[in-house]
Amino acid sequence: MKSFVLFFLIGVLLWSCSDTPKFYSDNPNVAYFYKLDSVPKVYLYRDVARGLEEEFSRIYTVTDKEGEHLVVERYASDGRLLEATNYNVDSLNIQDHMVVNFKKEKEKSLLYKNTLFPMNLKNETWFAVKFKGVTDSTIMIKEVKRKYKRNRKIDVMGEKVDALVFDENVKLTVLNPFTKKEESRGASATSYFAKGYGLVEWHSANKQVHYRLERILEQQEWVKIITR
């Protein structure tokens, strides 16, 4: 009888452990981030405010001597690479960042602040990088600050999904180190990270720009779209 009870308790323990969801990151909000997959997936976003404008994110993981990283590449509608962000898998903090500068060259940004996705929803995230401006004589600083607003159900490709909603402040500063002149512009936005998907929607304060996830593509499908 005692052995039967012991066997039963072990079975219950194993069942409860197997039913517990396991995530790849120590970040408690990882369920709302992109899935970890070495096979690239491409998110097709459409600007629902204007209809025809598209943007793509290519998402995949890489492994090197420092471990596993999640890379998110952002592309324009014509397939031009705009930037790439490399996330540390354990924390989801940004490890490095790359832009395509005005010379159409890939340039590694100087990373000042490295959080775009929060470890703690009570804390505001701060991402800041510096790279070449639109001319050789200028440099640009991009800052994004995000603050958690609320949870809500949103539509993701016809399915109601729980999402984290963030208020954003985006600031671009152009500096001329020779003349010491600088010019800054800021904008407010809202972004939505859905459970099991990652970033699925973002829009400006007045919704004149409003991108929403329309499809998730295999890489071969995406290549056909941008080369048509």
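The values are calculated or read from the model by the stated rules, or taken from the named source; none is laboratory data. Nothing here was measured: the structure is a model prediction, and the numbers come from that model. Reconstructed Cβ throughout: ideal geometry from the backbone, glycine too, with neighbour counts over all protein chains shown.
Pairs, please: C-beta under 7 Å, at least 6 apart or cross-chain, first residue over 14 Å from Thr173 (Cβ atoms) and in region 118-135, second outside any loop (DSSP other than H, G, I, E, B) and among the hydroxyl-bearing types (Ser, Thr, Tyr)?
Between residues of region 118-135 that are over 14 Å from Thr173 (Cβ atoms) and residues that are outside any loop (DSSP other than H, G, I, E, B) and among the hydroxyl-bearing types (Ser, Thr, Tyr), the close pairs are Pro118/Thr125; Pro118/Tyr148; Leu121/Tyr148.
Among (1) surrounded by 14 or more Cβ atoms within 10 Å (Cβ to Cβ); (2) over 27 Å from Glu214 (Cα atoms); (3) of a type in the set (Phe, Trp, Tyr), where does Tyr87 come up short?
Against the list (1) surrounded by 14 or more Cβ atoms within 10 Å (Cβ to Cβ); (2) over 27 Å from Glu214 (Cα atoms); (3) of a type in the set (Phe, Trp, Tyr), Tyr87 comes up short only on (2).
Any residue that is without any contact (Cβ under 8 Å) to a residue 24 or more places away in the chain and either within 16 Å of the chain's Cα centre (by Cα) or on the phi < 0 side of the Ramachandran plot (or both) - is there at least one of those in region 206-215?
So in region 206-215, the residues without any contact (Cβ under 8 Å) to a residue 24 or more places away in the chain come out as 206.
Filter once more, keeping what is either within 16 Å of the chain's Cα centre (by Cα) or on the phi < 0 side of the Ramachandran plot (or both): 206.
For region 206-215, residues without any contact (Cβ under 8 Å) to a residue 24 or more places away in the chain and either within 16 Å of the chain's Cα centre (by Cα) or on the phi < 0 side of the Ramachandran plot (or both): present.
When you scan region 103-112, do you find a residue that is within 29 Å of Asn206 (Cβ to Cβ) and hydrophobic (A, V, I, L, M, F, W, C), even just one?
no
Identify all residues within region 147-190 that are among the aliphatic types (A, V, I, L, M) and within 21 Å of Asn101 (Cα to Cα); write none if there are none. Can you show your working first?
So the first thing to find is which residues in region 147-190 are among the aliphatic types (A, V, I, L, M), and the list is 154, 156-157, 161, 163-165, 170, 172, 174-175, 187, 189.
The answer is Val170, Leu172, Val174, Leu175.
Sort out which residues of region 60-72 are among the hydrophobic types (A, V, I, L, M, F, W, C) and either at pLDDT 95 or above or surrounded by 18 or more Cβ atoms within 10 Å (Cβ to Cβ) (or both), and write them in order of number. Before the answer, list the steps.
We begin by selecting, within region 60-72, every residue among the hydrophobic types (A, V, I, L, M, F, W, C); these are 62, 70-72.
Residues satisfying the conditions are Leu70, Val71, Val72.
Any chance you could count how many residues in region 35-53 are over 16 Å from the mean Cα position of the chain (by Cα) and surrounded by fewer than 17 Cβ atoms within 10 Å (Cβ to Cβ)?
Residues that pass the stated criteria total 8.
Could you please let me know if Thr173 is within 19 Å of the chain's Cα centre (by Cα), of a type in the set (S, T, N, Q) and surrounded by 16 or more Cβ atoms within 10 Å (Cβ to Cβ)?
no
Pick from region 208-217 the residues that are aliphatic (A, V, I, L, M) and part of a strand (DSSP E or B): which of them is farthest from Lys41 (Cα to Cα)?
To start, the set of residues in region 208-217 that are aliphatic (A, V, I, L, M) comprises 209, 213, 216-217.
Those left that are additionally part of a strand (DSSP E or B): 213, 216-217.
Working: Leu213: 13, Ile216: 7, Leu217: 6 Å.
That would be Leu213.
When the residues of region 108-164 are filtered to those that are surrounded by 18 or more Cβ atoms within 10 Å (Cβ to Cβ), small (Gly, Ala, Ser) and over 25 Å from Arg46 (Cβ atoms), which remaining residue is farthest from the chain's Cα centre (by Cα)?
Gly133
Given the residues Ser3, Ser16, Ser57, Ser77, which is the only one that is among the hydroxyl-bearing types (Ser, Thr, Tyr), modelled with pLDDT under 95 and surrounded by 10 or more Cβ atoms within 10 Å (Cβ to Cβ)? It would help to see each step written out before you state the result.
Values: Ser3 fails: surrounded by 10 or more Cβ atoms within 10 Å (Cβ to Cβ); Ser16 fails: surrounded by 10 or more Cβ atoms within 10 Å (Cβ to Cβ); Ser57 fails: modelled with pLDDT under 95.
Step by step, each of Ser3, Ser16, Ser57, Ser77 is checked, and only Ser77 is among the hydroxyl-bearing types (Ser, Thr, Tyr), modelled with pLDDT under 95 and surrounded by 10 or more Cβ atoms within 10 Å (Cβ to Cβ).
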